[in-house]
Amino acid sequence: MKILIVEDEPKTAQDLSETLQEIDPSVTILGITDSIEGTLNFLAYPPAPDLIFLDIQLADGLSFDLFKETTIACPVVFCTAYDEYALQAFQTNGVAYVLKPFSVGDVRLALDKVKSLANFFRADVPDFRAFAEAMDTLRTNGGLKSNFLVSFRGNFIPIPTKEIALFYILGEDVCLQTFKGNTYLVPHSLEEIERMVGYQQFYRANRQHLINFELIESIEQDFARKLKIKPKVKCHDQITVSKAKASEFLQWMNTR
């Protein structure tokens with residue numbers, strides 16, 4: 001897959017380039033541009049990209065202007081620090097909306113969506129069920145999962161993601177706990193769920209806990225420079241953030 005990165009922050013552009021190649025070594029980064037003018041010049045000559053990771057606020061304007069100036073035939077993943085442009089993004093070629101600061105999981109989820117759609121259109125006999133599932137994930141929350149279907153006493157119950165306080169590992173099982181205190185088993189690994197819910201609202205505090213921002217009442221300094229989360233609702237176990245992740249966690253809290 002040939003990818004063009006449009007990003008006016010050099011460090012972010014480099015991080016994104018390295019992340020993409022870490023996720024999929026077959027990816028080729030065609031180039032990195034940092035402006036509307038530079039991107040138009042790049043797109044004027046072959047080879048054409050298969051996918052564009054596109055920042056929205058560039059030095060010379062909003063990147064939506066690109067669609068007014070040229071025809072972009074490939075899908076676009078919008079990668080920005082602002083969530084107010086999501087609707088406009090999906091009215092263009094947008095197939096995913098990744099919020100900064102992005103995680104490896106966010107970028108992997110975006111690539112998976114692009115590949116799912118590509119596989120559908122390449123198939124001799126299209127799998128319309130798979131396509132419907134792919135489109136369903138794209139329609140809500142910029143592609144993030146809006147609910148989890150759980151089994152309870154012989155019934156299937158949809159639990160809205162916004163009502164989930166945390167996901168956690170208990171023995172060999174993965175559970176979710178709602179803000180109302182209800183607990184259910186989830187048929188996914190914590191790593192899979194991390195990709196499904198994105199980095200903006202949920203944070204992987206440690207190997208056992210993936211927590212919703214809304215769960216956090218306060219943060220206390222614990223021994224050995226760990227951080228201890230004081231939750232708004234009672235949880236099955238104490239939630240801590242290690243010294244190694246403390247700085248990243250506080251940055252996540254501060255940039256939301």
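Structure notes:
- Within the stretch 31-47, none of the residues are among the hydrophobic types (A, V, I, L, M, F, W, C) and within 21 Å of Lys113 (Cβ to Cβ).
- Among the conditions (1) under 19 Å from Ala110 (Cα atoms); (2) in contact with a strand residue (DSSP E or B) (Cβ under 7 Å, 6 or more places away or on another chain); (3) touching a residue at least 24 places away in the same chain (Cβ under 8 Å), the only one that Phe42 does not satisfy is (1).
- When the residues of the stretch 94-111 are filtered to those that are surrounded by fewer than 21 Cβ atoms within 10 Å (Cβ to Cβ) and touching a Lys or Arg at 6+ places or on another chain (Cβ under 8 Å), the one that is farthest from Phe67 (Cα to Cα) is Gly105.
- Neighbours by Cβ (under 8 Å, 6+ apart or cross-chain): first from the stretch 20-32, of a type in the set (Gly, Ala, Ser); second in a loop (DSSP other than H, G, I, E, B): Ser26/Met1
- Tabulated pairs, the stretch 198-227, first touching a residue at least 12 places away in the same chain (Cβ under 8 Å), second aromatic (Phe, Trp, Tyr), C-beta under 6 angstrom, 6+ apart or interchain: Gln201/Phe213; Tyr203/Trp252; Gln208/Tyr168; His209/Tyr168; Leu210/Phe167; Leu210/Phe202; Ile211/Tyr203; Asn212/Phe202
- Per-region count, the stretch 146-190, residues within 29 Å of Pro101 (Cα to Cα), of a type in the set (D, E, K, R) and loosely packed, with under 12 Cβ neighbours inside 10 Å: 0
- The number of residues in the stretch 220-241 that are outside any strand (DSSP E or B) and more than 13 Å from Phe167 (Cβ to Cβ) comes to 9.
- Each residue in the stretch 21-46 was checked for being assigned to a loop (DSSP other than H, G, I, E, B) and not β-branched (Val, Ile, Thr), and 8 of them qualify.
- Of all residues in the stretch 112-169 being under 23 Å from Leu185 (Cβ atoms) and charged (D, E, K, R), the one that is modelled with the highest pLDDT: Glu163
- Members of the stretch 55-91 that are at pLDDT 65 or above, surrounded by 12 or more Cβ atoms within 10 Å (Cβ to Cβ) and part of a helix (DSSP H, G or I): Ser63, Phe64, Asp65, Leu66, Phe67, Glu69, Gln88
- Among the residues listed as Glu217, Glu248, the single one being farther than 18 Å from Leu109 by Cβ and assigned to a strand (DSSP E or B): Glu217
- Scan of the stretch 176-196 for residues that are under 17 Å from Ile229 (Cβ atoms), in contact (Cβ under 8 Å) with a residue 40 or more places away in the chain and of a type in the set (A, V, I, L, M, F, W, C), ordered by number: Phe179
- Odd one out for Arg195, checked against (1) in contact with a strand residue (DSSP E or B) (Cβ under 9 Å, 6 or more places away or on another chain); (2) not in a strand (DSSP E or B): (1)
The values are calculated or read from the model by the stated rules, or taken from the named source; none is laboratory data. Quick caveat: nothing in here was measured; it's all calculated off a predicted structure. Glycine gets a Cβ as well: all are built from the backbone with ideal geometry, and neighbour counts include every protein chain shown.
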